[in-house]
Amino acid sequence: MVDSGWREGTEMILETKRFQGRVTILRICGLVLLVCALLGSAAPTEPAITTGSEAGARDYYVRISKLFGFDAKPRITTLDDLLDFLGYPVSGSKVEALDSAILMDPTRASSPTDGLGVQTRGLGGATLRDGDILATRFFAPKIVNINAVTPIPGWRKLVRLRVRPDSRAARVGIQSVVILFNFFAPVGVQPFAGPSVNTQVMLLAPVLNDRLYWMDFDPGGKLTLALNASFDAADLPNGGTRDYFVPDGCNDCHGSPGNLRPPMVNYLDTDHWFDRLENDFSSLKTADTSLVFDARTNDPSQPSFGPAFDVIRRVNEEALAQNSAVRPDSFETQAARTWLKLHSESNDHFPPVSRGFSSNGGPVWQSSEADGLNRLNRYCFRCHGSVRFSIFDRPRVVENAGIMRQRINPSKQQAKVPGFKMPPDRVLDDAEIHVLDEFLKNLK
């Protein structure tokens, strides 16, 4: 009887504490909801693109070092070390500097004087084959600080390496690597004359849990913890830049916000590059700078354009294959598939209204909506081509139109919340905000 009474009394006390705890949680939730209601939406505490942290980046490199058996030490490990791990015992500076055509030709790439000096036959007899290296150079509006008084055009050189058989990387399941060299050059200056200001690396390992892994290197080719970029320039002092640490900042732009699922490879949207000649980068159009740089022309009818454009087509086919394996129903996959469908037999530039798709079978963009879509493409595609939803997915824009209107035209209280105002990379004038707001308001 004593034991029974004691148990009953104890259970009553515990239940009372549970009840009090639930009440406290409900009160907290109610307070959060009240604050959100006052702001008109859930108030973000992060910038538009998740920044991550230095500690998180260091932990990440420790984790993948153990996973790969490759020592990824910030400020010590070099791009040369990584290339050797992949089966390419060559200089990273050569990979950065050599012409794309040389890199993609096995015979020229093997030359010790004019190429990389990598043996065509090595590592247990494996042959360096056509397609083992893909390389392309192109205009990259995504990396530009568009909030600057005079934005300096950005350029990228992408090099995709198939990991060589019997290399240390191949033995742990890494299949291929994408290296993105980043450059900035004023209009009229050769875009690739200077060094890469930052070099991003994606390691594709389909048999491993994350599928895709990240590294970042500084201008000297040493491993760093973060990409320094201007995604949130409008929210930063003097319209500047900030660090976006691996893996959080990378994953956020590649289909894995919060690191909750495997990230994906972003396709190269050539159409968007040509779109931007009509607004923010008209000076490049005047200078007739080749956006697909290796084509040496912007005219798709010229003989040199086709082979250069075909390299991008091959890169996008591989991006679609990776996306389809990771998340076949994602908007990233659908966007890459749409680009490849449009460009299956054409190297032409397709305007935004022809590039729409639908995530749920609903209506796609119509010609009567072209003006509004052009604005979304100019101001929002930098993030909403790969982050959370795409502006080319009309049903998702309709679904998000209400919060988009709040974000582009926030109240004074909302505007005080870091990361709330959109777009995060520039300040729009009142006339543009009004036109965008009216467009989104009338979407059905």
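The values are calculated or read from the model by the stated rules, or taken from the named source; none is laboratory data. For clarity, every value in this text was computed on a predicted model and none was experimentally measured. Glycine also receives a Cβ, built like all others from the backbone with ideal geometry; neighbour counts cover every protein chain displayed. Just the protein is used for accessible areas: all its heavy atoms, side chains included, with ligands, DNA and RNA removed. Shrake-Rupley method; radii C 1.70, N 1.55, O 1.52, S 1.80 Å.
Between Val207 and Asp105, take the C-beta separation as r, use R0 = 35 Å, and let me know the FRET efficiency to the nearest 0.05. Don't skip to the end; give the middle numbers.
Working: r = 30 Å, r/R0 = 0.86.
The value I calculate is 0.70.
Take the alpha carbon gyration tensor of the range 354-398, find the square roots of its eigenvalues, order them as a ≥ b ≥ c, and report rounded if a/c is under 1.5; if not, report prolate when a/b exceeds b/c, else oblate. Oblate, because a/c is 1.5 or more while a/b does not exceed b/c.
Entry for the range 178-289 at q = 0.11 Å⁻¹: log10 I(q)/I(0) = -0.46, Debye formula applied to identical alpha-carbon scatterers, no solvent contribution.
Convex hull volume of the C-alpha atoms in the range 258-402, normalised per residue: 127 Å³.
Net charge of the neighbourhood of Lys285, taken over other residues with C-beta under 14 Å away and scored Lys/Arg +1, Asp/Glu -1, is -4. Seen against the Cα atoms of the chain and their longest principal axis, helix 394-408 is set at about 70 degrees.
As a quick test, which of the pairs Lys285/Lys412; Lys285/Lys421; Lys142/Lys285; Lys285/Lys441; Lys142/Lys416; Lys157/Lys421 have an alpha carbon distance above 29 angstrom in this structure?
On the way: Lys285/Lys412 38 Å; Lys285/Lys421 31 Å; Lys142/Lys285 17 Å; Lys285/Lys441 33 Å; Lys142/Lys416 26 Å; Lys157/Lys421 32 Å.
Too far apart for the 29 Å limit: Lys285/Lys412; Lys285/Lys421; Lys285/Lys441; Lys157/Lys421.
Sorting Met202, Met104 on solvent-accessible area from highest to lowest, probe radius 1.4 Å, gives Met104, Met202.
Modelled label positions at Arg168 and Gln302, each set 7 Å beyond Cα in the direction of Cβ, lie 4.4 nm from each other.
Using helices alone, I'd like the mean residue ellipticity at 222 nm for the chain: each DSSP H run of four-plus residues gives -39500 (n - 2.57), total over residue count, nearest 500. Provide the component values of the computation, followed by the final result.
On the way: 16 runs with 171 residues, N = 444.
Taken over the chain, the calculation gives -11500 deg cm²/dmol.
FRET efficiency for the pair Val197 and Asn442, taken as 1/(1 + (r/R0)^6) with r the Cβ-Cβ distance and R0 = 41 Å, rounds to 0.45. Computed from label points 7 Å out along Cα-Cβ, the spacing between Arg58 and Asp371 is 5.5 nm.
How long are the three semi-axes of the equivalent ellipsoid for the range 72-151, computed from the Cα gyration tensor as the root of 5 times each eigenvalue, in whole Å, largest first? Don't skip to the answer; put the middle values down first.
Numbers: eigenvalues 172, 63, 22 Å².
The answer is 29, 18, 11 Å, longest axis first.
Give the calculated FRET efficiency between Lys66 and Glu399 to the nearest 0.05, with a Förster radius of 35 Å applied to their Cβ-Cβ distance. Approximately 0.25, to the nearest 0.05. Here the spin labels are modelled as points 7 Å beyond Cα on the Cα-Cβ line, and at Asn279 and Lys73 they lie 4.7 nm apart.
Along each principal axis, taking the top coordinate minus the bottom one, the Cα set of the chain gives 90, 60, 43 Å in descending order. Rounded to the nearest 20 debye, the dipole size of the chain about its Cα centre is 700 debye, using +1 on the Cβ of Lys and Arg and -1 on the Cβ of Asp and Glu. Excluding residues on the same chain fewer than 8 positions from Lys94, give the aspartates and glutamates whose Cα lies under 14 Å from its Cα. Qualifying aspartates and glutamates at Cα under 14 Å: Asp80, Asp81, Asp84, Asp114.
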